[in-house]
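What follows draws every value from the coordinates through simple rules; no lab data is involved. Model, not experiment: these values are computed from the prediction. Glycine gets a Cβ as well: all are built from the backbone with ideal geometry, and neighbour counts include every protein chain shown.
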Amino acid sequence: MEEEDAKGDTGEEKTAEMFRALARLPLAAVRSMGGAVRVASYSEAAADEAARKAASAASMVLPETLEGILDLDKVSEVPREDLVEGWRAHHLDKDGVVCATVGGEVGAKLASRVVESPRFVVPIPRDQGFVTVLLEGRRVEETQALDVWYTFLHTYQQYGGQAAPVMATRYYYDLAESKDLVLMRGGVDTMAISVEEAQYLGNQTSIFYLQDDKYTPFVHTFNHQPDSFNFEAILESLDLTLPTSG
């Protein structure tokens, strides 16, 4: 028991330090709201997480299971290529909804790395610079799903666990083995970000979590060695720069 407690303490310390790393991001990167930015402590975030995530899932209308979208019995007879095309067509005209498909192996790698490194920050380019988004993910074992939420970092730093996400996505793994297919559906707050920006976030998630030369120095470092995290290096990789003060 003592060994397990020690490991648990180490994990909590790393997570707390990760939140402190958020506090060290330049104010220009987090877009402070007219005053000092308050960073939620780890304990505050943990206490509010369940309520916030439940509310976001409801507001984004993401079915808990793939059966809420597809008849899995009938799907078993459908060729993989037709499933991919049908998934895209099904979501094409839905307002505030994005979708994607990945292979089973790629989906497994994404899930493994999100579990290992559940948080990251992604800047979205905008006309006057960029806005920074906090990514949070978790594996939902009982429903064979991976949930990834995206929240404006300045909102998260102001409201902590009560901050509402601008996008919530769910990856369904029901067909990963039988069809080598993982299906993603996302709900977007189009008052906060455009569908194009939502797609950009999804693409950057894939790039930073699936490419080793991005995951190791950026995502893994952010979660496990936050003191060494270099936000400006991310900006450089995306051809973005911090605005100058004055």
Residues located in the range 121-133, provided they are in contact with a Pro (Cβ under 9 Å, 6 or more places away or on another chain) and under 21 Å from residue 220 (Cα atoms): 132, 133
For the range 208-233, give me each residue that is exposed (fewer than 14 other Cβ atoms within 10 Å of the Cβ) and within 23 Å of residue 146 (Cβ to Cβ). 211, 212, 213, 216
Determine, yes or no, whether residue 152 is in contact (Cβ under 8 Å) with a residue 60 or more places away in the chain and out of contact with any helix residue (DSSP H, G or I) (no Cβ under 8 Å at 6 or more places or on another chain). yes
Looking at this structure, is residue 236 of a type outside the set (S, T, N, Q) and surrounded by fewer than 16 Cβ atoms within 10 Å (Cβ to Cβ)? yes
Hits in the range 170-195 - residues which are closer than 11 Å to residue 98 by Cα and aromatic (Phe, Trp, Tyr): none
Quick one: which residue in 169, 151 is farther than 18 Å from residue 207 by Cβ and of a type in the set (S, T, N, Q)? 151
